[in-house]
Amino acid sequence: MVEKYDHKALEKKWQDAWEASGVYRAESGASKPKKYILDMFPYPSGEGLHVGHPKGYIATDVYSRAKRMQGFNVLHPMGWDAFGLPAENYAIKMKTNPVEMTEKNVARYKKQLSSIGCDYDWTREVNTTDPAFYKWTQWIFLKMFERGLAYESYEPINWCPTCQTGLANEDLEDGKCERCDTPVEKKPMRQWVLRITDYANRMLADLNTLDWPTSIKESQKNWIGRSVGAEIDFIVDGSDKLITVFTTRPDTLFGATYCVLAPEHKLVDELKGSILNFSEVEKYRTETKARTEIERTAEGREKTGIRLEGVFAVNPANNEKLPIFIADYVLGNYGTGAVMAVPAHDERDFYFAKKLGLSIKQVVASVFVDSVNPPKDGAEDTIRYGVILMIKHWEEDKYLINYSPKFNWKCLFTGGIEENEDPLEAAVREMREETGYQNIKEIHYIPLEHVDKFHAPHKGVNRVVYQKNIFIQLADGETKERSKEEKDLHHISWLTKEEMLKTISLPNHLYIFETEFLQGRALAGEGVLFNSGSFDGLSNEDAKRRITDFVQGRWVTKYRLKDWVFSRQRYWGEPIPIIHCEKCGVVPVPEADLPVMLPHVESYAPTGTGESPLADIAEWVNTVCPQCGGVGKRETNTMPQWAGSSWYYVRYIDPKNNEVLVDKEKEKYWSPVDMYVGGAEHATRHLIYARFYHKFLHDIGVVNYEEPFMRLQNVGLIMAEDGRKMSKRWGNVVNPDDVIAEYGADTLRLYEMFMGPFSQSVAWSTESIIGPRRFLERVWRLQEKIVTEGNQSLEMILHKTIQKVSEDIESFSFNTAISTLMILLNEMEKVSISRKQYEVLLLLLAPFAPHLTEELWQLVANTSSIHVSSWPVFDATKVIATEMTIAIQVNGKVRDEVVFGKDTTDDEIKEAVQARETIKKWTEGKTVKKLILVPGRLVNIVVTD
RNA sequence: GCUCGGGUGGUGGAAUGGUAUACACAGGAGACUUAAAAUCUCCCGCCGUAAGGCUUGCGGGUUCGAGUCCCGCCCCGAGCACCA
């Protein structure tokens, strides 16, 4: 009888032993292939960990242990992202020093991580608040400054009135501060900005080289927001001023009916003298400024704007004079801050034009291709002009449907326009011929023309018909008798609007009918040009370039991504290493003087003046200008929390180097990160910034590779049992210390990996954790069953398990790896096992349950650690089956199964399955039409009556 | 609105176009026990006494065969969004 599984004693024992022996230390420059496995380092908060936090750390621990056993030199470090607002706010609230507080929190985090059994190489620990570390954060800033990538700006930025600091675009969520949910204001102030937009294109292009989740790549694509279009100059009539617009639809230039400037556009001031209603314009601009971003972009908000009276823009395509507006639906900080408005083909311009009664001119026609008689390749295109009529009843809200039995169409009425005929006349003529009705109360164009394309078989040509769509309301029910031919061709009846929508069978006719009821719509899609001078008939895609060239426009690429607002008016961050000198201006701190230490202050509270608390410390602020030796003042803004986290992973490679940021040879060996694990919420923040930093470091020769993280896995949240997020506020937090005390670290680890797919969020279950615990106890008790001669039939499942567990760990499918181990255990319990067989189970389980397996490993007479032992090798010859189970289907339904020897021929199988009584029952009296045999799997007998 | 990802038992979930519901939890029955816990054995998608039928959000399609592929819709989650 063996001892009971005592997780408490055993976990403590091995954690101490591992620490003493340093088994997890990574050695640079070893001859072995490397794996760099990384967690997103935590911000050590005062609240400690809940069970959700370690999920990702357990995963990298499992992965790194497996990789070490598979013969890799593994780097698996951990550190602390300790600067930032939460620590500072907490320090203010608790009236403590953030430095001391950080030390205390780090110690607590480290203890908790160790109690989970994580295999970190603590000799490489980094901390962003350590001057020896932030020296290099400042150094990178200096290098960016040198290259013009860090610059001062006075543009209005996002200001959080609660946190009392400026914020980057990335720090907002729906126009609110991501930290405290306060709506941000626009505040003009001096700030430091990083030119991240210079890297937009490379960051977008290189996404293709990364093995990252699609969702993260998509988020980054959306965030960078590339769009390709044209810049086109409109001359302001009677002046030398130009309005340069950016558009992705230069093909619609002939349809431009007005121009819109952003309210803050500088041209408004330049044209002041010519604008007749300037005071009104000023009023509108003031109102706009007062609106927050949220108000301005609120869903469904009516478009507002005001015309600049007395000035006109000239459309370079046709020299038409167009009115100019300012409107806040045009943004000052995107494109050129000015647009050409094409209401027929842009939804926003359409609503604005409708509201202000501006003209709408269609220049692109949708093309509808007939599905029954599509145009034939090689046949000649002939152009025709036609009308399509929507006819309304003289009293009721009913419409005339045209049923053609010959073609089986249920549609509107159509006809051709004869030479020199007015389309409206043609419409009336066709109506009288086809319906017999005579008198008209109202007739108007439905404001969207389109093109129909089909093949006319009797002529052998393809027809391209430009259709004008026309609405007619009858005056009365007077009819004239139609010809027999017309009567046969057009069966007519009155339907309600709803019935029409259900009945009309041609998509183009349905489209016309709907358009009339919407009172027009913007056509944003593809089509062919008309009303566009010599460009008529071109596809709009072809027309884009040609019209841009025609008006000497420039083909350009724009990004949604904004430059990174990099200064914070707060205490707890890296000081920006800049000195302001009255004589020399902005002067960088010499490299030799780094780090610029963060001084101790009496009060950390933000000043709210746009200056950080550092500004109050005269002895720190006042310094000497390194250039002229005169009076200098230090920059008092600090860096955002993201600064340190944008490059920390490089420092783990060479954490103690005082000469350079990282030794380039060591960097070459360890980089890039092979596996990076963390939350999806970092998609458009940390993961964008770090890629930008890395590319910069590559450009200045500090690192060897273009991208920092080759593979990324997202960790799904662990929710509380009530389905909500775990939070003090809800009182639903589960503390890992309690779980470890009751079930042990190995059970916690196994359970968190078994809960479900790794990247998916799941609710914690107090009930389910018992499963993994029972499993470990059964593994523990299995040692009693070891005999000298193990069961040979076990070899097959053993090797299948080796293969499956290896693959599943590689793909982060830990839940199925564990279920495979459970299946193996179920099988092993049924038979006698050898020591070697038991050891395979232990080795495969070791990454998940490091303590238990280490103990058992040494109990069954091994002396070295299981965690430096070799991973079991999969032997394909061991999994060749001697027999196969064949399922028998009749018409796709499983009716029986039979076991055959592996050498049974196909013909033997086919014969045998049909001879079975269980199958005859289903095939009797029927003809076997077909027999499908899937080797090693099934037979499907297809029968008919 | 655009772009992704997803929808399978009571629950968490599994499934290269080839026996849907593996593995686990919960539940039920039994064994051991004075008893309970722990452990072990068996049952466990739905309808049906059974034979059998039905079942992967809904509706179509391709196929000998569809959770898986294609088309249309509904719902949930994520990112972007007055971005011209």
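The values are calculated or read from the model by the stated rules, or taken from the named source; none is laboratory data. Remember, it's a predicted structure, so these values are computed and weren't measured experimentally. Because the Cβ atoms are built from the backbone with ideal geometry, glycine has one as well, and the counts that use them run over all protein chains shown. The accessibility values were calculated without ligands, DNA or RNA, using every heavy atom of the protein model including side chains. Shrake-Rupley method; radii C 1.70, N 1.55, O 1.52, S 1.80 Å.
How big is the dipole moment of chain A about its Cα centre under a simple scheme where the beta carbon of each Lys and Arg is +1, that of each Asp and Glu is -1, and everything else is neutral? Debye, nearest 20, please. Don't skip to the answer; put the middle values down first.
Values: 117 positive and 137 negative charges, 235 e Å.
Roughly 1120 debye, rounded to the nearest 20.
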ask   = Taking amide H positions as placed 1.01 Å from N in the peptide plane, with prolines and chain starts having none, which residues 5 or more places from A:Ile833, or on another chain, fall under 5 Å of its amide H?
value = A:Val787, A:Asn791
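So how many Å³ per residue does the convex hull of the Cα atoms of segment A:622-707 work out to?
Values: hull volume 12.0 nm³, N = 86.
Taking the convex hull of the Cα positions in segment A:622-707, it is 140 Å³ per residue.
Assuming R0 = 56 Å, can you tell me the calculated FRET efficiency for the pair A:Glu27 and A:Glu47, based on Cβ-Cβ distance, to the nearest 0.05?
Numbers: r = 36 Å, r/R0 = 0.64.
That pair, A:Glu27 with A:Glu47, gives E of 0.95.
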Rounded if a/c under 1.5, otherwise prolate or oblate - segment A:788-884, Cα gyration tensor axes = oblate
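Per-residue ellipticity at 222 nm for chain A, helices alone: DSSP H runs ≥ 4 residues times -39500 (n - 2.57), over residue total, nearest 500 deg cm²/dmol?
Numbers: 30 runs with 308 residues, N = 945.
Mean residue ellipticity at 222 nm (helix-derived): -9500 deg cm²/dmol.
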request  = Tell me which residues come under 5 Å, amide H to amide H, from A:Val586 once H is placed; ignore anything under 5 positions away on its chain.
outcome  = A:Cys581
remark   = Non-local residues with an amide H under 5 Å from the amide H of A:Phe312, with H modelled 1.01 Å from N and Pro and chain starts lacking one, are A:Asp237
query = FRET efficiency for A:Val99 and A:Lys13, Cβ-Cβ distance as r, R0 = 35 Å, nearest 0.05?
reply = 0.50
query = Which aspartates and glutamates does A:Lys355 reach when only Cα atoms under 16 Å apart count, and residues fewer than 8 places away in its own chain are ignored?
reply = A:Glu302, A:Asp328, A:Asp346, A:Glu347
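Arranged from highest to lowest average of other beta-carbon atoms within 10 Å per residue, in what order do the peptides A:401-411, A:723-733, A:387-397 appear? Working shown, then result.
Values: A:401-411: 15.4, A:723-733: 13.1, A:387-397: 18.0.
Output ranking for A:401-411, A:723-733, A:387-397: A:387-397, A:401-411, A:723-733.
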query = At a probe size of 1.4 Å, how large is the accessible area of A:Val51, to the nearest 10 Å²?
reply = 0 Å²
ask   = Along segment A:356-368, what does the Karplus equation 6.51 cos²θ - 1.76 cosθ + 1.60 (θ = phi - 60°) give for ³J(HN,Hα), rounded to whole Hz, x for Gly and Pro?
value = 9, x, 8, 6, 10, 10, 8, 10, 10, 10, 5, 10, 10
task = Only Cα pairs under 8 Å and at least 6 apart count here; give the relative contact order of chain A as a rounded whole percent.
result = 14 percent
key: Calculated FRET value between A:His698 and A:Ser811, using beta carbons and R₀ = 30 Å, to 0.05   = 0.55
request  = Whenever you get a sec, compute what percent of the accessible area on segment A:12-165 sits on carbon and sulfur atoms (1.4 Å probe).
outcome  = 52 percent
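Quick check for you: with a 1.4 Å probe and neighbouring chains kept, what is the accessible area per residue of chain A, in Å²? Present the calculation step by step, with values, prior to reporting the outcome.
Values: 43130 Å² over 945 residues.
Value returned for chain A: 46 Å² of accessible area per residue.
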query = How large is ³J(HN,Hα) for each residue in segment A:677-682, as worked out from phi by the Karplus curve 6.51 cos²θ - 1.76 cosθ + 1.60 (θ = phi - 60°), to whole Hz, x for Gly and Pro?
reply = 10, x, x, 5, 5, 8
note = When every protein chain stays in place and a 1.4 Å probe is rolled, A:Leu172, A:Leu267 sorted by accessible area with the largest first are A:Leu172, A:Leu267
task = Quote to one decimal, in nm, the extra length available between A:Glu380 and A:Thr885 on full extension: 0.36 nm per residue of separation minus the C-alpha distance between them.
result = 175.6 nm
note = Using alpha-carbon positions, the gyration tensor of segment A:695-854 gives root eigenvalues a ≥ b ≥ c; with a/c under 1.5 called rounded, otherwise prolate if a/b exceeds b/c, else oblate, the class is oblate
message = Within segment A:1-44, name every residue whose backbone N is under 15 Å away from a label modeled 7 Å from Cα of A:Trp122 along the Cβ vector.
response = A:12-26
request  = Could you calculate, for segment A:796-845, the ratio of the Cα radius of gyration to the Kirkwood radius, expressed as Rg to Rh?
outcome  = 0.96
key: Under 26 Å from A:Lys800, Cα to Cα: lysines that are on another chain or at least 8 residues apart   = A:Lys35, A:Lys67, A:Lys785, A:Lys830, A:Lys836, A:Lys878, A:Lys902
Solvent-accessible area, 1.4 Å probe, carbon plus sulfur percent, for segment A:786-945 = 52 percent
request  = Compute the normalised compactness of chain A: alpha-carbon radius of gyration over 2.2 N^0.38 Å, N being the residue count.
outcome  = 1.25
key: Carbon + sulfur, % of accessible area of segment A:447-560 - ligands and nucleic acids excluded, 1.4 Å   = 50 percent
task = For A:Lys926, go through the lysines and keep the ones whose alpha-carbon is under 25 Å away, minus same-chain ones fewer than eight residues off.
result = A:Lys893, A:Lys910
Over segment A:126-243: Kirkwood hydrodynamic radius from C-alpha pairwise inverse distances, Å = 18.1 Å
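Rounded to a whole number, what is D in µm²/s for segment A:454-581 from Stokes-Einstein with the Kirkwood radius over alpha-carbon pairs (25 °C, 0.890 mPa s)? Mind showing how you got there, number by number?
Working: Rh = 22.3 Å.
My calculation gives 110 µm²/s for D.
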ask   = In Å, the Kirkwood hydrodynamic radius of segment A:236-395 over pairs of distinct alpha carbons?
value = 18.2 Å
Whole-Hz ³J(HN,Hα) from phi, Karplus 6.51 cos²θ - 1.76 cosθ + 1.60, for segment A:521-529, glycine and proline x = 7, 7, 9, 8, x, 6, x, 10, 7
note = Packing-ranked peptide list from A:570-580, A:793-803, A:65-75, highest mean Cβ count within 10 angstrom first, is A:570-580, A:65-75, A:793-803
query = Does segment A:241-328 come out rounded, prolate or oblate, given a ≥ b ≥ c as the square roots of the eigenvalues of its C-alpha gyration tensor, rounded meaning a/c under 1.5 and, failing that, prolate meaning a/b above b/c?
reply = oblate
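What does the highest-first list of A:807-820, A:176-189 look like by mean Cβ count within 10 Å? Can you show the working numbers first?
Numbers: A:807-820: 18.8, A:176-189: 15.7.
Packing order, densest peptide first, comes out as A:807-820, A:176-189.
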